[in-house]
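Notes for the one structure printed next.
The values are calculated or read from the model by the stated rules, or taken from the named source; none is laboratory data. Here the structure is a predicted model, which means the values were calculated and not measured. Because the Cβ atoms are built from the backbone with ideal geometry, glycine has one as well, and the counts that use them run over all protein chains shown. The area values use the complete protein model at the heavy-atom level, side chains included, leaving out ligands, DNA and RNA. Shrake-Rupley method; radii C 1.70, N 1.55, O 1.52, S 1.80 Å.
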Amino acid sequence: MDQQEPKRTRRIRYKGTHPKVFHEKYKELQPEQYKDQVEKIIQQGRTPAGMHRSICVNEIMDFLQITPGQTGVDATLGYGGHSVEILNRLLPGGRLYAFDVDPIELPKTQERLLSLGFGPDVLVIQRMNFAEIDQIVSLSGPLNFVLADLGVSSMQIDNPQRGFSFKVEGPLDLRLNPKSGKSVADLLKTISRAKLEEILIENADEPHAEPIAKTITSTIAKGTPITTTTSLQEVIKEALVFLPAASRKEEIKKSCQRCFQALRIAVNHEFTVLDKFLDKLPFVLAPGGKVAILSFHSGEDRRVKKSFQHFFRLGLYREIAPDPIRPSAEECNSNPRAKSAKLRWAIKA
Ligand SMILES: C[S@@+](CC[C@H](N)C(=O)[O-])C[C@H]1O[C@@H](n2cnc3c(N)ncnc32)[C@H](O)[C@@H]1O
């Protein structure tokens, strides 16, 4: 046998006709090789594993009106879908700076974009928090545009090892950068009942914050650790046994969604970093420079709206979105993850 020949690996087998578990979805995880299957999944209104479908692309591009030679920032690179649209418009001559905090997905996106021909001469990728956007200006100069598509990507949600979804078993992590800070499991180990209740209310308006915080903290105090997504889901279920049987299942699902979101926001300090980013924006944009922010949570949208209004009153923005732009019904049908999106924009004076 030729020593150089790569070792053949056996195809992953799954029960039935469709793979259900993330690591079995090997076709979706190799979209270049299995283009047709991936296209079929998108047509069914689903997002293939390991991929993210960019939201409000047309609305964002219509507003930004990017032209060749411009310089801007994609503050949340993710899968790079928005970045590719931007790059196709700013070349020749322009340059895009793109950030993400995720050390797991960022190298994959970087490699994919490089294979599409976007090298460091036109696309400068930095693993950094957008709260530090001002640091890039010494390199880039004043920016013609900034885009931020807040929250998490489908790749992060779908990977059970990241712990973002209560629907699949995985470690209770939920950090965008698992190499830094505290996981949710670690946060829960030492948190007080009052603090936990505050997080659930402040970050996600959880109506059952009191019984949930009480059950979580007493479970841990009794010596039962909560270290996996499904163990947290079980504890939330236990906390809500008092709900009427007819609506309990649906209420538990909504509470799980809100609690996971609240805890994710907490461990990633999402509101704090968004506030820092918003405060810096008017000072990194060139005159006439544009910013577009896509948010998926009322707490985020409120912050974006307040900041835009504040700097508009101060005369630093010459125009701001009167109302948020929503994705079309067609987009929401084809990609249910778009449903909660709100797009706001501002133009530097
Ligand atoms: C919704 S996804 C972006 C998807 C992207 N627009 C696309 O088209 O593929 C959000 C991304 O922002 C990143 N992110 C969230 N907060 C961040 C922050 N404070 N600084 C930098 N990146 C952040 C997440 O890790 C995630 O990859």
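Only one of the listed residues (Leu274, Leu263) is under 24 Å from Glu59 (Cα atoms) and in contact (Cβ under 8 Å) with a residue 60 or more places away in the chain. That residue is Leu274. Only one entry of Leu91, Leu114, Leu139, Leu123 meets the criterion of being among the aliphatic types (A, V, I, L, M) and touching a Lys or Arg at 6+ places or on another chain (Cβ under 9 Å), and that entry is Leu123. Of all residues in region 278-290, exactly one satisfies the criterion of being closer than 17 Å to Ile86 by Cα and open to solvent by 10 Å² or more (accessible area, probe 1.4 Å), namely Lys290.
Taking region 53-80, which residues are in contact with a His (Cβ under 7 Å, 6 or more places away or on another chain), in a helix (DSSP H, G or I) and buried (at least 19 other Cβ atoms within 10 Å of the Cβ)? Residue satisfying the conditions is Ile60 alone. Within region 318-344, residues that are more than 15 Å from Leu294 (Cα to Cα) sit with their Cβ atoms under 9 Å from residues that are of a type in the set (Gly, Ala, Ser) and in a strand (DSSP E or B), at 6+ positions apart or across chains, in these pairs: Arg318/Gly288; Arg318/Ala346; Glu319/Ala346.
Screening Pro107 against (1) open to solvent by 20 Å² or more (accessible area, probe 1.4 Å); (2) away from the ligand (no atom under 11 Å from the Cβ); (3) not in a helix (DSSP H, G or I) leaves a single unmet condition, (3). Of all residues in region 38-51, none are more than 18 Å from Ala346 (Cα to Cα), crowded, with 16+ Cβ neighbours inside 10 Å and at pLDDT 95 or above.
Out of region 81-99, which residues are part of a loop (DSSP other than H, G, I, E, B) and out of contact with any Leu (no Cβ under 9 Å at 6 or more places or on another chain)? Hits for region 81-99 are Leu91, Pro92, Gly93.
For every residue, the table says whether it meets (1) in a loop (DSSP other than H, G, I, E, B); (2) under 21 Å from Gly299 (Cα atoms); (3) within 12 Å of the ligand (Cβ to nearest atom); (4) open to solvent by 10 Å² or more (accessible area, probe 1.4 Å).
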position	(1), (2), (3), (4)
Met155	no, no, yes, no
Gln161	no, no, no, yes
Lys167	yes, no, no, yes
Asp186	no, no, no, yes
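State whether the residues of region 13-21 include one that is buried (at least 16 other Cβ atoms within 10 Å of the Cβ) and either in a helix (DSSP H, G or I) or at pLDDT below 70 (or both). Before you say what the answer is, go through the steps one by one.
The first filter runs over region 13-21 and keeps only residues buried (at least 16 other Cβ atoms within 10 Å of the Cβ), leaving 19.
In the following step, the residues that additionally are either in a helix (DSSP H, G or I) or at pLDDT below 70 (or both) were identified as 19.
Looking for residues that are buried (at least 16 other Cβ atoms within 10 Å of the Cβ) and either in a helix (DSSP H, G or I) or at pLDDT below 70 (or both), one finds at least one in region 13-21, hence yes.
Could you please let me know if Ala194 is open to solvent by 30 Å² or more (accessible area, probe 1.4 Å), part of a helix (DSSP H, G or I) and of a type in the set (A, V, I, L, M, F, W, C)?
Values: open to solvent by 30 Å² or more (accessible area, probe 1.4 Å): yes; part of a helix (DSSP H, G or I): yes; of a type in the set (A, V, I, L, M, F, W, C): yes.
Answer is yes for this residue.
Filtering region 206-214 for residues that are within 16 Å of the ligand (Cβ to nearest atom), of a type in the set (Asp, Glu) and out of contact with any Gly (no Cβ under 7 Å at 6 or more places or on another chain) leaves an empty set. The set of residues in region 291-332 that are surrounded by fewer than 16 Cβ atoms within 10 Å (Cβ to Cβ) and assigned to a helix (DSSP H, G or I) comprises Ser298, Arg302, Lys306, Gln309, His310, Arg313, Ala329, Glu330. Answer yes or no as to whether Glu250 is more than 16 Å from the ligand (Cβ to nearest atom) and assigned to a helix (DSSP H, G or I). Taking the combined requirement at face value, the residue satisfies it. Scanning region 211-269 for residues that are surrounded by 21 or more Cβ atoms within 10 Å (Cβ to Cβ) and aromatic (Phe, Trp, Tyr) turns up just one, Phe260. Out of Asp102, Asp121, one residue alone is within 12 Å of the ligand (Cβ to nearest atom) and not in a helix (DSSP H, G or I). It is Asp102. On inspection, Arg95 fails the criterion of being within 12 Å of the ligand (Cβ to nearest atom), more than 17 Å from His52 (Cβ to Cβ) and open to solvent by 60 Å² or more (accessible area, probe 1.4 Å).
Here's a check for you: in region 197-239, which residue that is part of a helix (DSSP H, G or I) and charged (D, E, K, R) is nearest to Arg303 (Cα to Cα)? Per the stated criteria, the residue is Glu202.
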